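For reference, the structure is listed below as structure tokens.
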Amino acid sequence: MTSGGLRIFAVFLAFVLQNTAAKSETFTFAIGDWPPFTSQDAPGFGLHARKVAETFRAAGHDVDFEFFPWLRSLEMTRHGSMPATFSWIYKKDRALDFIYPETPIDLARYVYFYRKDRFPDGLEDLSFEEIESRGLTVVGIPGYWYETPLEEAGVLFQAVPQEKQAWNMLAHGRADLYIEIDRVGLAHSHAVLKDEAEAIAMSEPIRIFPLYILFSKAHPDGALMKDIWDKYADPARISSAGSAIR
């Protein structure tokens, strides 16, 4: 290459690098602690945080994660002080304030957790009506998707404010079943119950929901971040939800 050609190439390379640098941005997400999906103590801040970071870095961008209580993360994103938050189940009323992407971040597989000695032969798939007919009790968190259909089926639903209380009630025989996401339940049960968690088993999934990043309609970066996610997220990493059992 001639000296003139080298100068032209150097100018072109500088232009490309400058243009790329100008387009590279750092996007911030508001999240809370939800092991193993998001956690301040986990490598890369958890499974979902790593997936988000990998996707945005593939597009040439960096990410920051700021941890808040979950409700605050949601409200900050709703009002536009933060551009996005994850991971959330779809709710129709949220679509008024948030932009839902086409590609979910993961699937939430809800299962029944139970004591092995309570059901030594395992626990078959049960409808909520079958739970009621067998006189079984369910402990859970009020406001979750399962509360209303359980009560409509006549199931004795024991509401507790925190997961820790639910695990202790299940472990000590004060409830028969606890409904939780499989991977979340495995992490929480061992964190709360320690060695006692070995006495807990889980059923096959009873309900499967996609989990999404919520992008703010009120923040100027919300729509751009949604487009980046949908363009670069790998749908193959999200297995098919199939049909819900319940």
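Since every read-out is calculated from the coordinates, none of them should be taken as a lab result. Only a predicted model underlies this, so the values are computations on that prediction, with no experimental measurement involved. Here the Cβ is made from the backbone with ideal geometry for all residues, glycine too, and neighbour counts use every protein chain on show.
Go through ALA201, HIS219, ALA95 and say which Cα lies farthest out towards the positive end of the charge dipole of the chain; charges sit on Cβ, +1 for Lys and Arg, -1 for Asp and Glu.
Toward the positive end, the furthest listed residue is HIS219.
Please compute the contact order of the chain in relative form: average sequence separation of alpha-carbon pairs under 8 Å and at least six residues apart, divided by the residue count, as a percent.
Contact order relative to length: 27 percent.
Have a look at the DSSP beta bridges in the chain and tell me what percent are antiparallel, nearest 5.
Within the chain, antiparallel bridges account for around 60 percent of the total.
Any chance you could list P(r) for the chain, counting all Cα-Cα pairs in 10 angstrom bins from zero, rounded to whole %?
Result returned by the calculation: 7, 26, 28, 20, 10, 4, 3, 2, 0.
Pop out the ³J(HN,Hα) list for segment 110-119 in order, Karplus 6.51 cos²θ - 1.76 cosθ + 1.60 with θ = phi - 60°, rounded to Hz; leave Gly and Pro as x.
Result, rounded to whole Hz: 7, 9, 8, 9, 7, 6, 4, 6, 6, 10.
With unit charges on the beta carbons (Lys and Arg positive, Asp and Glu negative) and the dipole taken about the Cα centre of segment 126-202, which residue among VAL160, GLY135, PRO149 sits farthest to the positive side?
Of the listed residues, the answer is VAL160.
Go through LYS164/LYS226; LYS23/LYS217; LYS194/LYS217 and tell me which ones have a Cα-Cα distance over 32 Å in this structure.
Result: LYS164/LYS226; LYS194/LYS217 exceed 32 Å.
For the chain, what is the mean residue ellipticity at 222 nm derived from helices alone (per DSSP H run of n ≥ 4: -39500 (n - 2.57); sum divided by total residues; nearest 500 deg cm²/dmol)?
-10500 deg cm²/dmol
Amide H neighbours of TYR144 under 5 Å, counting only residues 5+ apart in sequence or on other chains, H built in-plane at 1.01 Å?
When sequence neighbours closer than 5 places are left aside, there are no close amide H contacts.
Among all helices in the chain defined by DSSP H, which have a length of 15 Å or more along the axis from Cα atoms plus a Kyte-Doolittle mean of at least -1.0?
Span-like helices, by this rule, are 3-23, 47-58, 182-193, 222-232.
So for THR77, THR137, fewest C-beta neighbours within 10 Å to most, what's the order?
With the sparsest Cβ surroundings first, the list reads THR137, THR77.
Using the beta-carbon distance between GLN40 and LYS217 and R0 = 22 Å, what value does 1/(1 + (r/R0)^6) give for FRET efficiency, to the nearest 0.05?
Efficiency at R0 = 22 Å is approximately 0.20.
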